[in-house]
Structures are given as structure tokens and as C-alpha cells.
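The values are calculated or read from the model by the stated rules, or taken from the named source; none is laboratory data. All figures in this text were calculated on a predicted structure; none of them were measured in a lab. Cβ placement follows ideal geometry from the backbone for every residue including glycine, while neighbour counts extend to all protein chains displayed. Just so you know, the surface numbers come from the protein's heavy atoms only, side chains and all, with ligands and any DNA or RNA stripped out. Shrake-Rupley method; radii C 1.70, N 1.55, O 1.52, S 1.80 Å.
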Amino acid sequence: MKLATLKDGTRDGQLIVVSRDLKRYTAVADIAETLQEALDNWAEVQPQLAAKCEMLCAGEIEGEPFDQAECESPLPRAYQWLDGSAYLNHVELVRKARGATVPESFYDDPLMYQGGSDTFIGPRDAIVAADEAYGIDMEAEIVVITDDVPIGVSAADAMNHIKLIMLVNDVSLRGLIPGELAKGFGFVQSKASCAFSPVAVTPDEIKAWGEGTIDLPLLVDYNGKAFGKANVKTDMTFHMGELVAHAAKTRHLCAGTIIGSGTVSNKFEGGEGKKIEDGGVGYSCIAEIRMIEKIQTGEFITPFMRFGDKVGIEMNDADGKSIFGRIENHVEKYDG
């Protein structure tokens, strides 16, 4: 089934069930008012929500026209947002650009940080920043939402705790990252509010889902031009079950925990990536193309996002139909 959250003037929005073709929706307040409420009681409400979805898709419920622009992120705020780095190609490029190598432990032990989860933005909302010098960047990823996960869960068992899948634009402020990391305490200011796909989807709805990943390209366009189409499965060092297990090594995870894959990144013929117009699959963030420019020319050429720039993120199934709906964010100056 497919779930979304409509903006209704409250912090957590109104949970709805959406048809598979993303054209119609029906309210489900009689089952759960919010997605967090549904996740808190997943075993009980999931069958009821699924039944509503089937009735909607079969035309037994007329429903209402679904407008993605009216959506919050499916979870407008969450108890926990953890982002991994499952694509070591991305890490390798960043380190290579500054003449460093990747520690061997990175290939066995995932990188992960705890992000801010109190103020997610909607899939069609603006990215606000006070200064372009912050180095505004998009990061296209897949994410999963879990139910309650027990401490020390295995990667195999962790797969059973993945209840929903989404896309995310994990907005990064690259100009602030070096200074924060130099303090040795991680990201705070350099990670702006994220935007998730309009729709969260149960794994059974995605035919290309398997082994903790999706065997489909993640499509990114930037200012109306194709920017990336890296395949999510290709070059993925850690699958999503492994990332969930990593997060739960020393503590329980509560229902509604969101865990990200990190920037989707593919090699090109065994080496650095290549632009789509040059025959490659492009990039899921601007930082990656800048690192390749630095490696190849000694200089950064492509600028980070500027006020007015627009990024789109989407994933289509084998028939070319959108699975999660479309993230479309533009950058707007915050003047307080």
C-alpha cells in the first residue's frame, strides 16, 4: 500500500491512503490519524489500512484527487532520523579529492550519523538558507521506516522490521561541514531540514525490492536537466537491513525510526562517475561531481545550489510509473 500525509495546519498532518497510480486518496482517521500513530500500532492497523487501499484501487471507494503539492513529508517529524553511507564510492571520491584514502574498517562497519528530525520539510517545499556561501547541496537517497526494533537484531531479522520505504532529499550545507567535522562531534548546523517523497510505500508494493535494496535508478534533475540516474542496487556496500542492524547494535529503535542509505553513487567503468550527457549515470549530489572535477583538473568547477535553483528526485518502476511521487524543492533565501 501507499501512504501519505496531507497538510492540515497541525504539526503531524492527516494520514491518508493513496492509490497505486497516485491519482486518488481516501482519509483513514477512523483507523489512524497520523502515520506515527499507525506505526505505533502497526500489527493492528496495517491490515485495516491495506484493506482500505485495496478498496480505493478497486474503485469501491471513490476517494478524492491526490495532489502531491498538498503533502507533508509522510512523517513531518520523527523520533529518530539516522543516515548511513552505504555507497563507498561516494566516500572514496570525497577522500581522494583531498589526497586521503578510505580506512579499511569503512568496508565492514557502516558510517552513520544522527540527523535532526524535528522539522522535515514537505516534498514540494522550499529549501531555505540564509547564505549561498553555506554550499547548498541536494543528496538523493532511499530510506526505510521501521517498527520497534530490538537491540542486537541481526541484519536478516532487521529486514522484517522495515515497514515502509521512501525517497529523501537530504539537504547538506557543504561549506559548513569541514568546520563542524573538525570539532570531532558530527553534523548539526551543516545539515538542513530534509524533504521526503510524497508517498511512503510498503516493500511488497515494489517489485524491484529485494535483498535490502531496490534494483532501479534514482532519477535526479537539476534546473530542468537530467543530473543523475544511478542504480540504487549497483555499488551498494551495505543493504538497508545491515544499516538497521548497525543502528540497533546497542539500543532498541522505536517505531517510526527513519534510516537512510546515504547518497546513491555508482562507479563508471570501474572509475569515477560520469555525467549523463557523457554516457554515464550522473550524480545524486553536487559534491560528487565537484570531487571528480578536483581529481581530474585540480579545481572545483560546478557551483553548489543558488537561490532559485530547483532539484527534482523521483523513482519510476519498470513501466515508467512513479512509485513514490516526486520531490521537487527550490532554494529560497531566508531573510528572517
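Under a Cβ-only charge scheme (Lys and Arg +1, Asp and Glu -1), can you give me the dipole magnitude of the range 150-213 about the Cα centre, in debye to the nearest 20?
Roughly 280 debye for the range 150-213.
Can you tell me the length gained on complete extension of the stretch GLU37 to LYS310, counting 0.36 nm per residue apart and subtracting the Cα distance? Don't skip to the answer; put the middle values down first.
Details: separation 273, 0.36 × 273 = 98.28 nm, distance 3.29 nm.
Between GLU37 and LYS310, full extension yields 95.0 nm more.
Between rounded, prolate and oblate, where does the range 133-222 land on the alpha carbon gyration tensor, with a ≥ b ≥ c its root eigenvalues, rounded for a/c under 1.5, else prolate if a/b exceeds b/c?
Oblate.
Need one number: nm distance between label points at ALA226 and ARG11, each 7 Å from Cα along Cα→Cβ, rounded to one decimal.
4.3
For the range 267-336, take every pair of Cα atoms, bin their distances at 10 Å starting from 0, and report each bin as a whole percent.
Computed distribution, short to long bins: 16, 36, 33, 14, 1.
GLY262: net charge of surrounding residues, Cβ under 9 Å, Lys/Arg +1, Asp/Glu -1, itself excluded?
Once all neighbours under 9 Å are counted, the net charge is -4.
Note down, for the chain, the three equivalent ellipsoid semi-axes (square root of 5 times each alpha carbon gyration tensor eigenvalue), biggest first, whole angstrom.
Values: eigenvalues 198, 96, 75 Å².
Working from the Cα gyration tensor, I get semi-axes of 31, 22, 19 Å.
Say the dipole of the range 13-67 comes from +1 at the beta carbon of Lys and Arg and -1 at that of Asp and Glu; which of LEU39, TYR25, GLY13 then lies farthest toward its positive end?
Working it through, the farthest residue towards the positive pole turns out to be TYR25.
As I understand it, the dipole of the chain uses +1 on the Cβ of Lys and Arg and -1 on the Cβ of Asp and Glu, about the Cα centre. Which of PRO74, SER265, TRP209 lies farthest toward its positive end?
SER265
At 222 nm, what value in deg cm²/dmol follows for the chain if DSSP H runs of at least 4 each add -39500 (n - 2.57) and the sum is divided by all its residues, to the nearest 500? Provide the component values of the computation, followed by the final result.
Working: 7 runs with 62 residues, N = 336.
Theoretical 222 nm ellipticity from helices: -5000 deg cm²/dmol.
Quick check of the Kirkwood formula: for the range 120-276, what is the inverse mean of 1/r over all pairs of different Cα atoms, in Å? Let's see the in-between values first.
On the way: mean 1/r = 0.0589 Å⁻¹.
Evaluated on the range 120-276, it is 17.0 Å.
Which FRET efficiency value, to the nearest 0.05, is calculated for ASP319 and ALA130 with the Förster distance at 51 angstrom and r the Cβ-Cβ distance?
That pair, ASP319 with ALA130, gives E of 0.75.
What percent does the relative contact order of the range 22-95 come to when contacts are Cα pairs within less than 8 Å and at least six residues apart?
Relative contact order, the range 22-95: 39 percent.
What is the distance, in nm, between label points placed 7 Å from the Cα along the Cα-to-Cβ direction at ALA50 and at PHE300?
4.8
How large is the dipole of the chain about the Cα centre if only Lys and Arg carry +1 and Asp and Glu carry -1, each at its Cβ, rounded to the nearest 20 debye?
Using only the charged Cβ atoms, the result is roughly 800 debye.
What is the distance in Å between the Cα centres of the range 154-169 and the range 78-109?
Taking the Cα centre of the range 78-109 as reference, the centre of the range 154-169 is 20 Å away.
Assign unit charges at the C-beta atoms only (+1 for Lys and Arg, -1 for Asp and Glu), then state the dipole size of the range 184-336 relative to its Cα centre in Debye, rounded to the nearest 20.
Dipole of the range 184-336, to the nearest 20 debye: 380 debye.
I need the shape label for the range 192-267. Rule: rounded when a/c is under 1.5, else prolate if a/b > b/c, else oblate, with a, b, c from the alpha carbon gyration tensor.
In terms of gyration-tensor shape, prolate.
Efficiency by 1/(1 + (r/R0)^6): what FRET value for THR234 and ASP108, r their Cβ-Cβ distance, R0 = 25 Å, to the nearest 0.05?
The value I calculate is 0.80.
Mind ordering 276-284, 81-89, 131-139, 260-268 by average Cβ neighbours within 10 Å, highest first? Working shown, then result.
Details: 276-284: 19.0, 81-89: 23.8, 131-139: 20.8, 260-268: 25.9.
Packing order, densest peptide first, comes out as 260-268, 81-89, 131-139, 276-284.
With the crude spin-label approximation of a point 7 Å out along Cα→Cβ, what separation in nm comes out for ALA182 versus GLU332?
So the label points at ALA182 and GLU332 sit 3.3 nm apart.
Work through the residues other than TYR79 whose Cβ is under 14 Å from its Cβ and net out their charges, Lys, Arg +1 and Asp, Glu -1. Provide the component values of the computation, followed by the final result.
Numbers: positive: ARG11, ARG77, ARG251; negative: ASP12, GLU37, ASP40, ASP118, ASP147, ASP148.
After counting each charged neighbour, the total is -3.
Can you sort LYS183, LYS191 by 1.4 Å-probe accessible area, starting with the largest?
My answer, sorted largest first, is LYS183, LYS191.
Which one, LEU181, LEU243, LEU173, has the greatest fluctuation when you compute a Gaussian network model over the chain with C-alpha springs under 10 angstrom?
Maximum among the listed residues: LEU181.
How much accessible area does PHE307 have with a 1.4 Å probe, in Å² rounded to the nearest 10?
70
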